[in-house]
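Written below as C-alpha cells is the structure these notes are about.
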Amino acid sequence: MNDTTILRKLQGPLRGQALLPQVYGSASDSAVDPVGAQLARQLQGPLRGQALLPQVQGSDSDRAVDPVGAQLAGEDVGKHAPDPKRTPVGARLAREGSTASPDLLAELQCHGVRWQGADGLARKGGAGPSDHKALSLGEHTAMVPMLNRASLDSPYSAVPDSSGAQALIFREGLQVGQVQLPGVPKFYGLNTEDGIPYWKIATLHSKDVLATTVLQHCIRMNEAATSCQFCAIGQSLASGKTIARKRPAQLAQVAKAAVELDGVKHMVMTTGTPQTSDRGAAILCESAAAVTAVVDLPIQAQCEPPDDDAWFQRLKDSGVVSLGMHLEAVTDAVRQRIMPGKAEVPLERYFTAFDAAVKVFGRGQVSTYILAGLGDSEDAIAQMSERLASVGVYPFVVPFVPIDGTPLARHPKPDSALMQRLYPRIGASLRKHGLHSDNINAGCAKCGACSALKHHE
Ligand code: SF4
C-alpha cells in the first residue's frame, strides 16, 4: 500500500476537519479526550507506516484509556487478526476505505463491533438476539452486537460523536463507514402511575418497532436439561431492566405513547413459555386485545405451537396480524444439543402448526426465526428455508449472537462468509414463492434489523 492510497483512505476521517479534532481529538488532547487521543494515534499509525492492529486492539500502556483494547492486548492478539479470505466483504471494505452500504451492516452483524463509548440506547439481555445496538446506514437499520464479550475480538470498532447521533466505523484503524444512531425515544421518559418506567414494559427495537416480552419467565429456563442455551430471557429480569409480567393495561398505555410520541409503526409481542398447554397464546390474546383497543398498531405475536390450532383464530380475533413460531435450529441433532426442552416439540408439529396458522393469517404473515451458526449446515438451512417458503412461512434467518451470561457466550460467532452465501439462497426461495418482508404486516421479518436477508429478497 503506498502513501497516496493511505492518504486517500484517511480522507474520510480527515475530511471531517471540523469533526475530527473536536470530536475525536488529537494526540495532544489526551487529557481532555483519551478516546479521541487514542484514535488520533491510530490514524497517525499508517502515516508512519506502522502496523495498526496492535494499536487498535490496545497495548499495556493503553489500559487506562481503553480498557477494552487493553483486555484484548492481554489476550492472544494473533487470534483476533481477521482473515481476509474468510471475510471477503470485510477485506473489500478495508481495501476501498470509507463506504456506506448494507454489506457493511451485514459484516458488522456477524463480527460485532467494539463500541468505544457509553452504552446509551442498547438492548442487553432479554429474549432472542440481544446485546445489540441499532445502527443505521441511510434507510437501512441493523441490530449489531457490541455489548457482548464476543464482539471484543471484532476487527471493527465504532466511535460515537459527542452528540451520540452518529458514529464512525473503523476496521483495523481505517474508517470504513459512518452510521447514525437512533435517539432515545420520548416514551422512555414516562412512568406508569405506580412508578414503573415505560422502558421496563416495552422497548424500542431498530428505529420504529415496539417490542415486549409479555411473560419474562419460561418453563424451560432454569434447567440445563431443558433451557435454550442461546436465550437470555432471565438476565434482563435479574438485572432489574424489566418486569416479570407485563399487564395488558400497561402494554396498552406504553403502546399508545410509543405511537403518539415516537411514531412506532408495529409491535412484537413475544413470551416465555408458561406451564399452560396454550404455550402463551392466551396471554398474548389478552395483551393484543388491550393494545388494539386503544391504538392502531399492527402486532406480531410470537410463541411456541399451542396445543390447539384454534388459538390462531383467537389470536387474530384479538388483533394479532402476524405470527412467529420459531424453529431456531433446523436439524434434530442441533435442536437436541442447543435447545433440548424445545426440541421435544417435533419439527413436524411445527409444520402442522405452520399450515394451520397460514390458513388464518395468510401466506407470508407467518414466520420463523432460524439462527445460523449453531451447527446447522448451510445446505440444511437453505433446504429448510425452501420448505418453509413453499408453505407460505417466511424463514427469518439471522446470524447467531453469543450473548454474555448464557451457556453459548463463548460459542464461535457465525462465519460472515457463510452468511454471505446463505442470504442469496434464501432470497431465491423467497422470490420463487412470492414472499417479501414489505408485505408482512408486523414483526421481526418485517423489521429485518437482526439479519441482512432483506437486502437479498
Ligand atoms: S428483527 Fe425482531 S428482534 Fe430484531 S430488532 Fe427487529 S423486532 Fe427486534
Verdict on Leu190 being under 21 Å from Leu297 (Cβ atoms), touching a residue at least 60 places away in the same chain (Cβ under 8 Å), in contact with a Phe, Trp or Tyr (Cβ under 7 Å, 6 or more places away or on another chain) and not acidic (Asp, Glu): yes
Thr192 being at pLDDT 85 or above, within 20 Å of the chain's Cα centre (by Cα) and either more than 16 Å from the ligand (Cβ to nearest atom) or of a type in the set (Ser, Thr, Tyr) (or both): no
Wholly enclosed helices (runs of 4 or more DSSP H) of the range 346-457 bearing at least 3 residues of a type outside the set (Gly, Ala, Ser) and either at positive phi or crowded, with 22+ Cβ neighbours inside 10 Å (or both): 378-390, 416-432, 444-447
Residue that is modelled with the lowest pLDDT [pool: residues in the range 106-122 that are within 13 Å of the ligand (Cβ to nearest atom) and surrounded by fewer than 24 Cβ atoms within 10 Å (Cβ to Cβ)]: Leu121
In the range 300-318, residue surrounded by the fewest Cβ atoms within 10 Å (Cβ to Cβ) [restricted to those that are assigned to a strand (DSSP E or B) and of a type outside the set (Gly, Ala, Ser)]: Gln302
Filter result (farther than 20 Å from Ala288 by Cα and over 22 Å from the mean Cα position of the chain (by Cα)) within the range 315-341: Thr331, Asp332, Ala333, Gln336, Arg337, Pro340, Gly341
Looking only at the range 407-453, and only at residues there that are touching a residue at least 60 places away in the same chain (Cβ under 8 Å) and among the charged types (D, E, K, R), the one that is farthest from the ligand (Cβ to nearest atom): Arg410
Residue in the range 257-264 that is assigned to a loop (DSSP other than H, G, I, E, B), at pLDDT 95 or above, of a type outside the set (S, T, N, Q) and surrounded by fewer than 21 Cβ atoms within 10 Å (Cβ to Cβ) present: yes
Condition check for Ala289: more than 18 Å from Lys446 (Cβ to Cβ), part of a loop (DSSP other than H, G, I, E, B) and either of a type in the set (S, T, N, Q) or in contact (Cβ under 8 Å) with a residue 12 or more places away in the chain (or both): no
Unmet criterion (only one of (1) part of a strand (DSSP E or B); (2) within 16 Å of the ligand (Cβ to nearest atom)) for Lys241: (1)
Residue among Val259, Val209 that alone is of a type in the set (A, V, I, L, M, F, W, C) and either free of Cβ contacts under 8 Å to residues at least 60 places away in the same chain or in contact with a Leu (Cβ under 8 Å, 6 or more places away or on another chain) (or both): Val259
Filter result (more than 14 Å from Lys256 (Cβ to Cβ) and β-branched (Val, Ile, Thr)) within the range 283-297: Ile283
Candidates Val401, Val397, filtered to the one that is within 16 Å of the ligand (Cβ to nearest atom), more than 23 Å from Lys265 (Cβ to Cβ) and touching a residue at least 12 places away in the same chain (Cβ under 8 Å): Val401
Subset tally (residues that are more than 16 Å from the ligand (Cβ to nearest atom), outside any helix (DSSP H, G or I) and out of contact with any Pro (no Cβ under 9 Å at 6 or more places or on another chain)) for the range 197-222: 3
Matching residues, the range 265-299, being of a type in the set (S, T, N, Q) and crowded, with 19+ Cβ neighbours inside 10 Å: Thr270, Thr271, Thr273, Ser287, Thr292
Tally, over the range 140-181, of residues that are more than 16 Å from the ligand (Cβ to nearest atom), of a type outside the set (S, T, N, Q) and touching a Lys or Arg at 6+ places or on another chain (Cβ under 8 Å): 8
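The values are calculated or read from the model by the stated rules, or taken from the named source; none is laboratory data. Nothing here was measured: the structure is a model prediction, and the numbers come from that model. Because the Cβ atoms are built from the backbone with ideal geometry, glycine has one as well, and the counts that use them run over all protein chains shown.
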